[in-house]
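Enquirer: To start, I am sharing the structure in question, which I have written as structure tokens.
The values are calculated or read from the model by the stated rules, or taken from the named source; none is laboratory data. The structure displayed is predicted, hence computed values, not measured ones. Virtual Cβ from ideal backbone geometry, glycine too; neighbours counted across all protein chains shown.
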Number of protein chains: 2
Amino acid sequence: MSVQGYNPRTGKPYGEPVEATSDTEVDQLCEAAARSFRVWSGWLDADRATVLDLVADRLDDESVLLIDTADAETALGIPRLTTELKRTTNQLRLFADVLREGSYVEAMLDSPSPDIIPPRPDLRRVLRPLGVVAVYSASNFPFALSTVGSDTASALAAGCAVVVKAHSAHPNTTRETGRVVSAALAEGGAPDGLFAVIYGTQSGVRLVQHPHVKAAGFTGSIGGGRALYDLANSRPDPIPFYGELGSVNPTVILPDAAADRPEEIAKGFAQSVTMGVGQFCTNPGLVFAPPSIVVALAGAVKQATGGAMLNERMCDSYRSTVDAMSNSDLVELVATGAAPDEAWVGAPNLFRTSLDVFESNLEKLTEENFGPAGLVVTYDDPAAVLALIPRLPGTLTGTVHASDSEHELASRTAVELQKIAGRLIYNGWPTGIALAWAMQHGGPWPATTNTSHTSIGVPGIYRWLAPVTYQTWPDALLPPELQDANPLGITRRRDGVLDKH
Amino acid sequence: MSVQGYNPRTGKPYGEPVEATSDTEVDQLCEAAARSFRVWSGWLDADRATVLDLVADRLDDESVLLIDTADAETALGIPRLTTELKRTTNQLRLFADVLREGSYVEAMLDSPSPDIIPPRPDLRRVLRPLGVVAVYSASNFPFALSTVGSDTASALAAGCAVVVKAHSAHPNTTRETGRVVSAALAEGGAPDGLFAVIYGTQSGVRLVQHPHVKAAGFTGSIGGGRALYDLANSRPDPIPFYGELGSVNPTVILPDAAADRPEEIAKGFAQSVTMGVGQFCTNPGLVFAPPSIVVALAGAVKQATGGAMLNERMCDSYRSTVDAMSNSDLVELVATGAAPDEAWVGAPNLFRTSLDVFESNLEKLTEENFGPAGLVVTYDDPAAVLALIPRLPGTLTGTVHASDSEHELASRTAVELQKIAGRLIYNGWPTGIALAWAMQHGGPWPATTNTSHTSIGVPGIYRWLAPVTYQTWPDALLPPELQDANPLGITRRRDGVLDKH
């Protein structure tokens, strides 16, 4: 068995096949990772930070090769991939900064209080890494959500070891990225086995069930994610499985906004819905809008251009869904954009329907269609949209377009969207994420498997950490984060108060 | 179908049977809870705090009735139940204080930075409550881990609605507690349906699968917890199930400590292992000790007294496990304490074995035996204990007894214990918890279903919260926690830095 990369523009094989990882090899890599974890988890944060910076630098050093390989294998284009690799290396640097700042360990200290009920001994709590983390790469972000993307970066930062399951859509990119990462880790003195890549579907099935694996991160489809989630939960010792699955990302265009700036909104929509050939988890595929703006939206989509999709299966799935919708009585095709003459190409498409029809066919019309397609649901009364929103499936994002005259209505829309979405955007578009503490990339099922966590942004590190509390230990035996003198100078919660004490 | 309480001291029925809740009633209560959540989650933290304080006061007002009822039904005794009810009301007051302090919402603000890659828009993140929470009461803490215990208190504080599944061991206590809580909530103006209690096994099965239920908390056995955990995960829309299950709570008595203060340690052990007739999740049932201290441990256990256990099933299970161990070649019974002449009584027992035998029968000898029994595993070389610890099942606590001359060895023991335990105790005992930020009551499977969270202590509130991020919203439309001026005056993380800004 092997994994063969393809050039989506030609449909032809690209590069040599990469051999699938055997069960025995998966076991060996997990055991090496577990050994490595014991060392790496004992490193000082500052030392782990230095290694993350080094990995980032070495990836940047090899950017030309990496970007060319990824472009050949994904057809995402040099400009996008250049930005994406930079995002990936900046993400490693962000986590290095987080380690140096140090307060991410959430140190909490409570002093003894023998006279309250129940009496309180000296308690000191700090976060510690879980162990070996399994990371399942995404198809659509060969750098930022794959080999050394946000799951891997946050897990390594936390002090965990990582075994990455490569996505079949870009084995050569994965191999080259993995090579650079492994060399940089070795150069930085990280313990052997800290990071490994495995290939082939069966290897991923084995990985999530391996006794040494203590948590998993996943970005992909609902079907694939659910299968692995079920395996993680049916282990004799279940492990947390943090999956980012499917999302319809509703956008609500309020009446005055639609009237005031139809062209601007239409242009923004067409750009966002076709970005990366629509292969974004945050693709705004579902729009609620007054009928007046449909002409503008359709015009913008007609002028947009599609491109080769990531692989044949995705392209087939997109095209057959578009065909089925085009032949459906429930929706009307109102625009089709251009598409280059390439093998696995997807063209932009815009459909429309009414709020009544949408509401009567909610389940069918809220299935995610991965690709550059949108559905505009026209409404007359915004109140009807607000009433409908809580019935939509869980989603990563919800967007509102409003004019200054509609603040009250925008607020009420946010209240409803907040019930189903992890990030709310005002007069913007959901595609594109930021590297920040305040970033949230999560939402209720099926957007993710656990809405309390995020797969992008600094708080993503909390997926790989667990608290340990020291009760009445001599100060000198405590980890530095918890010692009285606060030798690391970090912000801690002491007797309930956050400060550098 | 109904649920009948019993007096464990006599084995006779106590009080009138409480009718089991039908599926239809469960559905109605969940729907009412969901309606109520929409209101309660919109209340200001300070107003929710006032209601929590009121509930605490009303429970204290009715303490005599509640404690008498619980004592009749659980045989835990008036002194222990008096403390436990006070712990329960102080827990409500602690969460009220946490709400008033306000920083628990983890507000994070990142200012726009258009020139970095990827560009960062204005992002503001805050935690919001999940919805209706299912709480499964524990048998062994009729107040502190039941109707209005730590799961319920933290969920109500978070802004969630709660449906409690009563434990069959104390239906009358549950009904009386529920009555006081409901009346106090009504008196405080909380919305109808915010809190409800259901009875009977089938009602609990229905509850965890109800579409309105968004998360569950559980304290109980591995078998019962696993069954509900599997139901939660096999829903069409899985929900997080935070279960606190079984725990062996290893204690390591280091050589010098055993030599220096055998009587003190033995007395502390016997007190801890028989507390509440051994019916504590943190019962120190497994001790690693030098052979020299076994006589002292046995002497202390002989002088201890058992009592009536919570219910007939638990008593039968305890007795049959003790019988099986007494007849086993693997361990030796070295002490049996006294027991009053009551119906479902459990007497203290101490067994011993060698490290070699223990290691060869690890799975069998690490099964939790819920009751006042301990197993001392004698060792000659502490290094062999340290090597064994990581092979023990996940546990809530790990304890070290050391003398001042053994700090280095104590530290190395802590490093090993930290791999399997959520709380490490030095020269103390694991029974007894504190109400604090730094409290951790969790650990790797099977101690809990998710080691990154806790079921006791302030951070338990994070099980019921999820982040929502506002991107580029006008300041006036943001929740107060996220507005520029910080009108609530809470500590926030702004551009990565924690401060009151």
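Enquirer: So is A:Asp329 of a type outside the set (A, V, I, L, M), within 16 Å of A:Phe370 (Cβ to Cβ) and more than 25 Å from the chain's Cα centre (by Cα) or not?
Expert: So A:Asp329 does not fit the description; no.
Enquirer: Are there any strands (runs of 3 or more DSSP E) wholly within segment A:79-159 with 3 or more residues that are within 11 Å of chain B (Cβ to nearest Cβ) and touching a helix residue (DSSP H, G or I) at 6+ places or on another chain (Cβ under 9 Å), and if so which?
Expert: Ranges flagged: A:123-129.
Enquirer: Right, next: Condition first: more than 16 Å from B:Gly77 (Cβ to Cβ) and in contact (Cβ under 8 Å) with a residue 12 or more places away in the chain. Now tell me which residues in segment B:327-345 satisfy that.
Expert: B:Leu330, B:Val331, B:Glu332, B:Leu333, B:Val334, B:Ala335, B:Thr336, B:Gly337
Enquirer: Here's a follow-up. A:Ser146 versus (1) surrounded by 24 or more Cβ atoms within 10 Å (Cβ to Cβ); (2) assigned by TED's automatic domain parsing to the domain that holds A:Ala215; (3) touching a residue at least 40 places away in the same chain (Cβ under 8 Å): which is the lone unmet condition?
Expert: (3)
Enquirer: From the set of residues in segment B:217-244 that are outside any helix (DSSP H, G or I) and away from chain A (no Cβ under 11 Å), which is farthest from the chain's Cα centre (by Cα)?
Expert: Out of the qualifying residues, it is B:Ser221.
Conditions tested, residue by residue: (1) assigned to a helix (DSSP H, G or I); (2) over 27 Å from B:Val132 (Cβ atoms).
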{"residue": "B:Thr10", "(1), (2)": "no, yes"}
{"residue": "B:Arg38", "(1), (2)": "yes, no"}
{"residue": "B:Thr50", "(1), (2)": "yes, no"}
{"residue": "B:Ile67", "(1), (2)": "yes, yes"}
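The rows are residues; the columns are (1) farther than 30 Å from B:Arg391 by Cα; (2) in contact with a Ser or Thr (Cβ under 8 Å, 6 or more places away or on another chain).
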site	(1), (2)
A:Ala33	no, no
A:Ser41	no, no
A:Leu44	no, no
A:Val51	yes, no
A:Asp60	yes, yes
A:Leu66	yes, yes
A:Ala72	yes, no
A:Pro79	yes, no
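Enquirer: Considering only segment A:465-501, state which residues are more than 33 Å from the chain's Cα centre (by Cα), within 8 Å of another protein chain (Cβ to nearest Cβ) and assigned to a strand (DSSP E or B).
Expert: A:Tyr470, A:Gln471, listed by residue number.
Enquirer: Have a look at B:Ala56, B:Ala32 and point out the one that is in a helix (DSSP H, G or I) and in contact with a helix residue (DSSP H, G or I) (Cβ under 8 Å, 6 or more places away or on another chain).
Expert: Criteria check complete, one pass: B:Ala56.
Enquirer: Could we say that B:Thr449 is at pLDDT 95 or above, within 8 Å of chain A (Cβ to nearest Cβ) and closer than 15 Å to B:Phe218 by Cβ here?
Expert: Spelling it out, B:Thr449 is indeed at pLDDT 95 or above, within 8 Å of chain A (Cβ to nearest Cβ) and closer than 15 Å to B:Phe218 by Cβ.
Enquirer: State which residue is surrounded by the fewest Cβ atoms within 10 Å (Cβ to Cβ) when the search covers only segment B:354-368 and only residues that are in contact with a strand residue (DSSP E or B) (Cβ under 8 Å, 6 or more places away or on another chain) and within 20 Å of B:Gly398 (Cβ to Cβ).
Expert: B:Leu355
Enquirer: Just name the residue that is farthest from the other protein chains (Cβ to nearest Cβ) out of those in segment B:453-464 that are more than 30 Å from B:Gln271 (Cβ to Cβ) and either basic (Lys, Arg) or crowded, with 24+ Cβ neighbours inside 10 Å (or both).
Expert: For segment B:453-464, the residue satisfying everything is B:Ile461.
Enquirer: Another question about this same structure. Just to be sure before I move on: is B:Ala153 of a type in the set (Gly, Ala, Ser), in contact (Cβ under 8 Å) with a residue 60 or more places away in the chain and surrounded by 21 or more Cβ atoms within 10 Å (Cβ to Cβ) in the structure I sent?
Expert: Considered against the rule, which asks whether it is of a type in the set (Gly, Ala, Ser), in contact (Cβ under 8 Å) with a residue 60 or more places away in the chain and surrounded by 21 or more Cβ atoms within 10 Å (Cβ to Cβ), B:Ala153 comes out as yes.
Enquirer: Another question about this same structure. Applying the selection to segment B:1-58, what residues are under 28 Å from B:Gln91 (Cα atoms) and among the acidic types (Asp, Glu)?
Expert: Listed by number, the residues that qualify are B:Glu31, B:Asp45, B:Asp47, B:Asp53, B:Asp57.
Enquirer: A further question follows. Just need a number here: residues in segment A:386-414 that are more than 8 Å from chain B (Cβ to nearest Cβ), under 24 Å from the mean Cα position of the chain (by Cα), surrounded by 18 or more Cβ atoms within 10 Å (Cβ to Cβ) and in a helix (DSSP H, G or I).
Expert: Selection size over segment A:386-414: 1.
Enquirer: Kindly indicate whether A:Leu245 is under 19 Å from A:Phe370 (Cα atoms), of a type outside the set (Phe, Trp, Tyr), free of Cβ contacts under 8 Å to residues at least 24 places away in the same chain and in contact with a Ser or Thr (Cβ under 7 Å, 6 or more places away or on another chain).
Expert: So A:Leu245 does not fit the description; no.
Enquirer: Moving on. Which of the residues spanning segment A:156-186 are crowded, with 24+ Cβ neighbours inside 10 Å and touching a Lys or Arg at 6+ places or on another chain (Cβ under 6 Å)?
Expert: Hit for segment A:156-186 is A:Ala184, nothing else.
Enquirer: Moving on. Of the residues that sit in segment B:415-446 and are more than 7 Å from chain A (Cβ to nearest Cβ) and outside any loop (DSSP other than H, G, I, E, B), which one is surrounded by the fewest Cβ atoms within 10 Å (Cβ to Cβ)?
Expert: Per the stated criteria, the residue is B:Val415.
Enquirer: Quick one: B:Asp380 ticks every box in (1) more than 22 Å from B:Pro430 (Cα to Cα); (2) buried (at least 16 other Cβ atoms within 10 Å of the Cβ) except a single one, so which number is it?
Expert: All conditions pass for B:Asp380, except number (2).
Enquirer: Could I ask something else about it? Would you mind listing the helices (runs of 4 or more DSSP H) fully within segment A:281-382 where at least 3 residues are charged (D, E, K, R)?
Expert: It comes to A:312-326.
To keep it simple, each residue is scored yes or no on (1) in contact with a Pro (Cβ under 7 Å, 6 or more places away or on another chain); (2) among the hydroxyl-bearing types (Ser, Thr, Tyr); (3) more than 28 Å from A:Gly42 (Cα to Cα).
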residue: A:Thr173; (1), (2), (3): yes, yes, yes
residue: A:Arg179; (1), (2), (3): no, no, no
residue: A:Tyr199; (1), (2), (3): yes, yes, yes
residue: A:Val213; (1), (2), (3): no, no, no
residue: A:Ile222; (1), (2), (3): yes, no, yes
residue: A:Asp230; (1), (2), (3): no, no, yes
residue: A:Glu244; (1), (2), (3): no, no, yes
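Enquirer: Taking the criterion of being of a type in the set (A, V, I, L, M, F, W, C), out of contact with any Leu (no Cβ under 9 Å at 6 or more places or on another chain) and closer than 30 Å to B:Thr399 by Cβ, would at least one residue in segment B:441-459 satisfy it?
Expert: No, that holds for no residue.
Enquirer: So which residues in segment B:163-181 are under 17 Å from B:Gly217 (Cβ atoms) and either touching a strand residue (DSSP E or B) at 6+ places or on another chain (Cβ under 7 Å) or basic (Lys, Arg) (or both), if there are any at all?
Expert: B:Val163, B:Val164, B:Lys165, B:Ala166, B:Thr174, B:Gly178, B:Val181
Enquirer: Select from segment B:59-78 the residues that are out of contact with any helix residue (DSSP H, G or I) (no Cβ under 7 Å at 6 or more places or on another chain) and aliphatic (A, V, I, L, M) and write down the one among them that is farthest from the other protein chains (Cβ to nearest Cβ).
Expert: Checked segment B:59-78; the qualifying residue farthest from the other protein chains (Cβ to nearest Cβ) is B:Ala72.
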